[in-house]
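A quick write-up on the structure given underneath.
The values are calculated or read from the model by the stated rules, or taken from the named source; none is laboratory data. On a predicted model such as this, the values are computed, not experimentally measured, just so you know. Glycine gets a Cβ as well: all are built from the backbone with ideal geometry, and neighbour counts include every protein chain shown.
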Amino acid sequence: MELWVLLAILAAATQALRTAVQKKMTPQLGSYGASYIRFSYSFPFAWLIVLVYMILIDAGMPSLPTMFWFWINIAAITQIAFTVLLIMLFSHRSFAAAVAFSKTEVLQAALFEAVILGVVASLQTAFAIALGVVATVMLSLAKSSITSRSVIGTIFSKQTGFGLGAGAFLGFCTVAYGAALKHMPADDVMLNAGLAAAIAVTIQTVGFGAWLYALKRHELVASLVYWRDGAMAGFWGTLCSLFWFAAFAMHAVATVRAVGQIELLMSIGFSYFYFKEKINLTELTAMAMLALSIILVLLA
C-alpha cells in the first residue's frame with residue numbers, strides 16, 4: 001500500500017472519530033461549543049507536534065509568503081462554517097446521514113466550476129451529479145412520508161440547507177488548504193502539513209473563540225468545563241488535519257478525496273454500533289448512490 005493511500009485512510013478514520021466525539025458532546029456544549037472544541041483543543045497538540053518535529057530535524061520557522069496567509073485564512077474561516085453546519089445537522093439527522101450530506105462537497109465543486117468558470121462537464125460527470133442529486137433528495141426524504149407537500153417541504157427544509165451548506169463550505173475549505181500548501185517554501189511534506197494545520201487552528205481558536213465570548217459565552221464556558229472530552233476531539237482533529245495535508249502534498253487532491261470516502265462506511269458503523277441509531281434501507285441506498293456519484297466525479 002502506498003503511503004498516501006494509508007494517510008488518506010487514517011485521515012478518514014480520525015475524522016470520523018473526531019466528529020463522533022463532537023456529536024456526543026453537543027447536548028452538553030451546544031452546537032457552537034461542540035464545534036469549538038475541534039479547534040481550541042487542537043491548538044496545543046498541533047503546535048507541540050510541529051515544534052518537536054522541527055527540533056528533531058533541526059529546522060527553523062520558514063518565511064511564508066503573502067499568498068499562503070491569504071489562502072490559509074480563507075481555509076480556516078470556511079472550515080469553521082463547515083464544522084458548525086455539520087454539528088447543527090446532527091440534531092436533525094443521524095450521524096451517518098449527516099456525514100453523507102457533507103460529502104456532497106465534491107458534487108457542488110463540479111457545479112460551481114460549471115457555473116462560474118463555464119467548464120462543460122463530461123457525460124460521466126453530468127451523470128454522477130444527477131445521481132448525487134437523487135441520492136441527496138433520497139437522504140432528505142428517508143424519514144418522511146412521501147407526498148408532494150413533504151417532498152417540497154423537505155427539499156427546502158433547514159436540514160437540507162445545513163447539509164448542502166456544510167458540503168459547500170467543505171469544498172471551498174479543501175481547495176483553499178490545497179492552495180495554501182502550494183505556497184509553502186519548505187520541501188518537507190510533514191513540516192508543511194504540520195505547520196499549515198497549526199497556523200490554521202490558531203486562527204480558528206482565536207477568531208471563533210472571540211465570537212463565542214461575545215455572543216455565546218455560556219457555550220464557550222461549557223467547552224472549558226468538559227475539557228476531557230474536548231481534548232479527545234482536539235487530539236483526533238489534529239491527527240486528521242496532519243494526515244489530510246500530508247496526503248494532499250504527496251498526491252492529487254481529487255484521488256485522495258476518493259480514497260477518503262471510506263469515511264462514509266465508518267460513519268455508518270459509528271451510527272449503528274456507537275450511537276445506536278437505526279439506519280433504514282432508503283438511507284443506506286442513498287449513501288451508496290452518493291458514494292458512487294462522488295467516485296465517478298473524481299475519476300472522470
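Scan 140, 150 and give me the residue that is closer than 30 Å to residue 36 by Cβ, in a helix (DSSP H, G or I), at pLDDT below 75 and not acidic (Asp, Glu).
None of the other options fit; the residue is 140.
Take residue 256 and decide whether it is among the aliphatic types (A, V, I, L, M) and within 27 Å of residue 75 (Cβ to Cβ).
Taking the combined requirement at face value, the residue satisfies it.
Residue 237 versus (1) buried (at least 24 other Cβ atoms within 10 Å of the Cβ); (2) farther than 16 Å from residue 22 by Cβ: which is the lone unmet condition?
Evaluating residue 237 over (1) buried (at least 24 other Cβ atoms within 10 Å of the Cβ); (2) farther than 16 Å from residue 22 by Cβ leaves (2) as the failure.
Among 83, 104, which is closer than 27 Å to residue 27 by Cβ and at pLDDT 80 or above?
Only one candidate passes the filter, namely 83.
In the range 158-215, which residue that is touching a residue at least 60 places away in the same chain (Cβ under 8 Å) and among the aromatic types (Phe, Trp, Tyr) is surrounded by the fewest Cβ atoms within 10 Å (Cβ to Cβ)?
Checking each candidate, the answer is 172.
Looking only at the range 4-32, which residues are among the hydroxyl-bearing types (Ser, Thr, Tyr) and within 14 Å of the chain's Cα centre (by Cα)?
14, 19
Can you work out which of the residues in the range 282-300 that are of a type in the set (S, T, N, Q) and more than 19 Å from residue 12 (Cα to Cα) is modelled with the lowest pLDDT?
If we take residues in the range 282-300 being of a type in the set (S, T, N, Q) and more than 19 Å from residue 12 (Cα to Cα), then 282 is modelled with the lowest pLDDT.
So which residues in the range 204-222 are within 11 Å of residue 30 (Cβ to Cβ) and under 20 Å from the mean Cα position of the chain (by Cα)?
Correct list: empty.
Exactly one condition in (1) within 15 Å of residue 206 (Cα to Cα); (2) not in a helix (DSSP H, G or I) is false for residue 73; which is it?
Against the list (1) within 15 Å of residue 206 (Cα to Cα); (2) not in a helix (DSSP H, G or I), residue 73 comes up short only on (2).
Scan (1) touching a residue at least 60 places away in the same chain (Cβ under 8 Å); (2) closer than 22 Å to residue 91 by Cβ; (3) aliphatic (A, V, I, L, M) for the single condition residue 221 breaks and write down its number.
Result: residue 221 passes all but (1).
Here's the yes/no breakdown for (1) within 17 Å of the chain's Cα centre (by Cα); (2) polar (S, T, N, Q); (3) surrounded by 24 or more Cβ atoms within 10 Å (Cβ to Cβ); (4) under 22 Å from residue 204 (Cβ atoms):
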residue	(1), (2), (3), (4)
2	no, no, no, no
34	yes, no, yes, yes
38	yes, no, yes, yes
49	no, no, no, yes
52	no, no, no, yes
